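A quick write-up on the structure given underneath.
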Amino acid sequence: MIEQQIIFPHDQPAYWIVFQRDQVVVLNQQTQVNVSTRRELLLDDAHFSDVLKVAEVDNLPCLVVDLGHESLPSEQHQTVSLRSVMMNSDARLFEALARAWQATLFLRTHRFCGQCGSRMQRIDWELATQCSRCSHRCYPRISPCVIVAIRKDKQILLAQGTRHTNGMYSTLAGFVESGETLEQAVHREVFEEVGIRVTNLRYFSSQPWPFPHSLMVGFLADYAGGEITPEPKEIADAKWFDADKLPLIPPTFSIAGHLIQHTLALINEQ
Ligand SMILES: [Zn+2]
């Protein structure tokens with residue numbers, strides 16, 4: 001439903017999402033995206049020549065303006081990280097923000113053709129770019145990534161990544177490789193990262209994760225065999241945890257947090 005180049009009146013309310021570099025632009029120290037009018041954004045008219053509509057929340061459009069690498073327009077404007085704005089948003093605005101950033105990143109990185117190097121043009125009926133010379137067409141990249149919560153009797157497997165220095169333990173996750181099914185990706189990733197086998201694999205739910213263009217596909221699984229053997233480049237530590245002795249885990253706005261809570265509920269039902 002992404003629409004492009006819409007004209008929007010000055011006084012009509014909307015959720016305006018403004019990006020500068022990889023940050024969200026806010027006014028007067030706000031920490032989230034609020035309903036406002038185009039006039040209240042205090043931006044030049046030129047910034048509205050290329051507005052994207054990415055969603056509707058509460059019957060209000062979610063509109064995107066990209067300042068790119070321009071400096072901030074005034075001292076009243078500040079930037080905050082996309083991640084923190086998403087954490088301060090409800091589920092629908094969370095999705096709109098994810099979509100907004102992925103669309104913005106796509107348009108920034110597809111200005112020239114990957115096949116012949118000519119300038120790409122935007123297509124006006126869908127979010128895509130097309131080469132003016134060789135007609136090569138590009139769509140926003142989506143990278144599927146499996147994420148899995150593994151249960152063994154009354155315990156859950158949680159791991160700490162080598163890149164996560166905040167002490168948090170989470171579910172295992174990894175990108176799907178070319179030519180691989182989602183299920184094969186789960187079995188391969190689990191075995192590569194911690195050296196165990198899983199069974200009873202069930203789809204749980206999915207979540208777009210715009211850092212930068214993942215689609216997290218969540219699964220539940222049960223332990224089938226093997227000893228935990230962390231892959232040292234990716235996993236600093238991995239253990240079976242009792243439901244009442246959990247380490248620091250991800251918040252429930254993330255699919256990892258949902259998967260962990262659901263698995264704990266399954267353990268408690270036993
Ligand atoms: Zn081309």
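Scanning region 202-218 turns up no residue that is over 25 Å from the mean Cα position of the chain (by Cα) and farther than 30 Å from VAL24 by Cβ.
Yes/no matrix, rows are residues, columns are (1) within 16 Å of the ligand (Cβ to nearest atom); (2) modelled with pLDDT under 95; (3) over 20 Å from the mean Cα position of the chain (by Cα):
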site	(1), (2), (3)
CYS116	yes, no, yes
CYS131	yes, no, yes
ARG141	no, yes, no
ILE147	no, no, no
ARG188	no, no, yes
ARG197	no, no, yes
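All conditions in (1) open to solvent by 50 Å² or more (accessible area, probe 1.4 Å); (2) on the phi < 0 side of the Ramachandran plot hold for GLY179, with the sole exception of (2). Among the criteria (1) under 26 Å from ASP22 (Cβ atoms); (2) open to solvent by 20 Å² or more (accessible area, probe 1.4 Å); (3) in contact with a helix residue (DSSP H, G or I) (Cβ under 6 Å, 6 or more places away or on another chain), the one PRO250 does not fulfil is (2).
A residue that is surrounded by 13 or more Cβ atoms within 10 Å (Cβ to Cβ), of a type in the set (A, V, I, L, M, F, W, C) and assigned to a strand (DSSP E or B) occurs somewhere in region 192-203. Residues in region 26-35 that are open to solvent by 20 Å² or more (accessible area, probe 1.4 Å) and in a strand (DSSP E or B): LEU27, VAL35. Only residues that are open to solvent by 50 Å² or more (accessible area, probe 1.4 Å) and in contact (Cβ under 8 Å) with a residue 40 or more places away in the chain were counted in region 132-141, giving 1. Every test in (1) more than 14 Å from the ligand (Cβ to nearest atom); (2) among the hydrophobic types (A, V, I, L, M, F, W, C); (3) over 29 Å from THR252 (Cβ atoms) is passed by MET120 save one, and that test is (1). Flag: ALA103 does not match the condition of being more than 16 Å from the ligand (Cβ to nearest atom), out of contact with any Gly (no Cβ under 6 Å at 6 or more places or on another chain), under 30 Å from HIS262 (Cα atoms) and small (Gly, Ala, Ser).
May I ask you to list the residues in region 146-162 that are under 18 Å from TYR203 (Cα atoms) and either in the same structural domain as SER49 (by TED's automatic domain parsing) or crowded, with 18+ Cβ neighbours inside 10 Å (or both)? Within region 146-162, VAL146, ILE147, VAL148, ALA149, ILE150, ARG151, ILE156, LEU157 qualify.
Evaluation of THR263 against the conditions (1) polar (S, T, N, Q); (2) more than 26 Å from ARG99 (Cβ to Cβ); (3) without any contact (Cβ under 8 Å) to a residue 40 or more places away in the chain shows that the sole unmet condition is (3). Of the strands (runs of 3 or more DSSP E) lying entirely inside region 44-131, those carrying at least 2 residues that are open to solvent by less than 10 Å² (accessible area, probe 1.4 Å) and outside the structural domain of SER254 (by TED's automatic domain parsing) are 52-57, 60-66, 129-131.
The values are calculated or read from the model by the stated rules, or taken from the named source; none is laboratory data. Computed from a prediction, not measured in an experiment: that's the story for all the values here. Methodologically, a virtual Cβ is constructed for each residue, glycine included, from the backbone with ideal geometry; neighbour enumeration extends over all protein chains shown. For accessibility, only protein heavy atoms count, side chains too; no ligands or nucleic acids. Shrake-Rupley method; radii C 1.70, N 1.55, O 1.52, S 1.80 Å.
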